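The values are calculated or read from the model by the stated rules, or taken from the named source; none is laboratory data. Just so it is clear, the model here is predicted, and its values are computed rather than measured. Using ideal geometry, Cβ is built from the backbone for each residue, glycine included, and neighbour counts are taken over all protein chains shown. All accessible areas refer to the heavy atoms of the entire protein, side chains included, with ligands and DNA or RNA removed. Shrake-Rupley method; radii C 1.70, N 1.55, O 1.52, S 1.80 Å.
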Amino acid sequence: MLNQLEKEIGYIFGNRAYLANALVHSSFSNEHRKEKVADNERLEFLGDAVLELASSRYLFERNPQDPEGRLSRLRAALVCEPSLAECARAIGLGQHLQLGVGEEKSGGRERDSLLSDAFEAVIGAIFLDGGYPAAERFVYRFVMDKMI
């Protein structure tokens, strides 16, 4: 299953534990407390920061005449929840998520908030595994180049 996602995103993890962790929703983690399964929220936090930096650089370099206000508005439109959820759907991320029973039953695999959070977690996982250049390439390919 991880092989399929790696192929889809064009990145092979040296440490697949990062990718596996990026796919664990807190509902799954809560249902598997005895196994101490960590959720993806810390990776989401990290991925959000990497995404902001990478998207800012992209816009800064490709829009040399735009003032700060316009660049900020562009970035906000590109890295908002609905846009990131669309990016997550494009790589089939929802099918790879580990969800708790309730989240599964309520359609969590298609919920924008869940998908965008997991997408940010994948960015964080790539950053930890391959460094900033790998994460930036992922953001450019799957967010910026698709949305602009």
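Brief remarks follow.
- Portion, in percent, of the accessible area of the chain that falls on carbon or sulfur, probe 1.4 Å: 52 percent
- Of the DSSP H helices in the chain, those whose Cα atoms cover at least 30 Å axially and whose Kyte score averages -1.0 or more: 41-62
- Qualifying aspartates and glutamates (Cα of each under 16 Å from Cα of Lys105; at least 8 residues distant if same chain): Glu31
- Alpha-carbon centroid distance for the pair region 12-59 / region 77-148, whole angstrom: 10 Å
- From most to least packed by mean Cβ count within 10 Å, the peptides 36-46, 55-65 give 36-46, 55-65.
- Entry comment: accessible area of the chain is 54 Å² per residue, from protein heavy atoms only and a probe of 1.4 Å.
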